[in-house]
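Visitor: Encoded as structure tokens, here's the structure I'll be asking about.
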Amino acid sequence: MKGSKELLSELLAPVAPGMERMRAILAAQVDERSAAVRDMTHHVARFQGKQLRGALVLLTGEATGNTTDEHAAVAAIVEMIHLATLVHDDILDGAEVRRRVACVNQRWDNQIAVLLGDFLYARAFALSTQLSSRLCSRLLAETTRTLCVGEIEQSTRRYDFEMSRADYESIAAAKTASLYAAACELGARYPGGNQELGARMAEAGRNLGLAFQIIDDCLDLTAREEELGKSVGTDVEDGKVTLPVLLTYQAADEGVRAAMRDVYTRPELLDRRAALLAVCDVGRGVAQAQARAQELVLSAQRSVTDLPPSEARRSLESVFAFVLSRSQ
Ligand code: FPP
Ligand code: MG
């Protein structure tokens, strides 16, 4: 059976040369004279897994007939911002492992991780100023603002079991889906282009990104670290009430609800995720969350059906479906 990495690289065949150029640009950008920094950037290069967001810039570019010579650089910028957010996110989550390697905050420490995230972010924006259009810098600056707001909102809603599903989705849309939306919008309209088409592709990216986050939250609750390649259970550990937990909670009786709240807050509990799985049946909440992710992927696919038929459009539709099947 084909692994998910092989499957994705087949799906990305229409943009394989662009992906190569994107990787070369990325490698050049994070190369630094300081041996210490180089050591760190080589380390985080190993976090580069699917490079989905960069791939979306290239695929939406191809599928909308908008590809330019600068699309690979735009894709590299999006990936660098993504990488910066992961380095910072692992500090916030106290995570230990990402893509089977130690997080920067573990391999070094929080101070280094803050600075390295800032370094990557600065490199991304420095490159964006060299592009012929300001659209990339403008859109990605707005997106970074949105994702920081999403992270802040998420922090303020920790341990909040009274959150609505809409509250959860609004946070996930900001912290995760915004970068997917920006990737698709940039692909479709960079350097200026058709705003209406850009908005439609942004909507597709937003729905896809939301689906991605929902699946990510299901995996954090149910997957094993060895399979996922990153720390699991960090959401429960950090007090994040994610969609599968929220849906489980909403369907539970008061006894189970109280036990769930207790697992989130009782001091010195060693493995909160295991304790949570022991006090409630998350199966239905997970299934409902997955169904919601499926609905969002269908919406994303509907947004691209009007594009002219092409290999890139078919590939885009399959990449949208791919996020539902991922186990990493
Ligand atoms: C992953 O969420 C995290 C994000 C999608 C965004 C994180 C963004 C920040 C911390 C702001 C960074 C700001 C700058 C300027 C670089 P997750 O924890 O649910 O996913 P995970 O399971 O992959 O850790
Ligand atoms: Mg995290």
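Visitor: Just want the ordering: E226, E311, E203, from fewest to most Cβ atoms lying within 10 Å of their own Cβ.
Guide: With the sparsest Cβ surroundings first, the list reads E226, E311, E203.
Visitor: Kindly rank 146-156, 85-95, 8-18 from highest to lowest mean number of other beta carbons found within 10 Å of each residue.
Guide: Answer by packing, highest mean first, reads 85-95, 8-18, 146-156.
Visitor: Towards the positive end of the charge dipole of the chain, with charges on Cβ (+1 Lys, Arg; -1 Asp, Glu), say which of M260, A291, F212 has the farthest Cα.
Guide: So the residue furthest toward the plus end is F212.
Visitor: Quickly work out the D271-to-F161 label distance, labels modelled 7 Å from Cα along the C-beta direction, and quote it in nm with one decimal.
Guide: 2.2
Visitor: Further question on the same structure: Can you classify the range 88-241 as rounded, prolate or oblate using the Cα gyration tensor, where a ≥ b ≥ c are the square roots of its eigenvalues, rounded means a/c under 1.5, and otherwise it's prolate if a/b beats b/c and oblate if not?
Guide: Oblate is the answer for the range 88-241, as a/c is 1.5 or above yet b/c matches or exceeds a/b.
Visitor: While we're here: Using a Förster distance of 25 angstrom, determine the FRET efficiency expected from the C-beta separation of Q130 and A45, and round it to 0.05.
Guide: Computed FRET efficiency for Q130 and A45: 0.70.
Visitor: For the range 285-295, in order, what is each residue's ³J(HN,Hα) by Karplus, 6.51 cos²θ - 1.76 cosθ + 1.60 with θ = phi - 60°, in whole Hz (x at glycine and Pro)?
Guide: Values, residue by residue: x, 5, 4, 5, 5, 5, 5, 5, 4, 5, 4 Hz.
Visitor: Could you work out the local net charge near L120, counting Lys and Arg as +1, Asp and Glu as -1, over the other residues with Cβ closer than 11 Å to its Cβ? Present the calculation step by step, with values, prior to reporting the outcome.
Guide: Working: positive: R123; negative: E32, E79, D118.
After counting each charged neighbour, the total is -2.
Visitor: Using +1 at the C-beta of Lys and Arg and -1 at the C-beta of Asp and Glu, which of A321, I77, H88 has the Cα lying farthest in the positive direction of the dipole of the chain?
Guide: Of the listed residues, the answer is I77.
Visitor: If you stretched the chain out fully between D69 and R302, how much longer would it get, using 0.36 nm times the residue separation minus the C-alpha to C-alpha distance?
Guide: Working: separation 233, 0.36 × 233 = 83.88 nm, distance 2.82 nm.
Using 0.36 nm per residue and subtracting the Cα-Cα distance, I get 81.1 nm.
Visitor: If packing is taken as the mean number of other Cβ atoms within 10 Å per residue, what is the order of 55-65, 228-238, highest first?
Guide: Peptide ranking by packing, descending: 55-65, 228-238.
Visitor: Can you sort C280, C184 from fewest to most other Cβ atoms within 10 Å of each residue's own Cβ?
Guide: Lowest to highest Cβ neighbour count: C280, C184.
Visitor: Now a separate question. Any chance you could run the full-extension gain for R33 through E20? It's 0.36 nm times the residue separation minus the Cα-Cα distance, nm to one decimal.
Guide: 2.3 nm
Quick note: the coordinates plus some simple rules give every number you see, no bench work behind them. Fair warning: this is a prediction, and the values are worked out from it, not measured in the lab. A quick note on method: Cβ atoms are made from the backbone with ideal geometry, for glycine too, and the neighbour counts reach across all protein chains shown.
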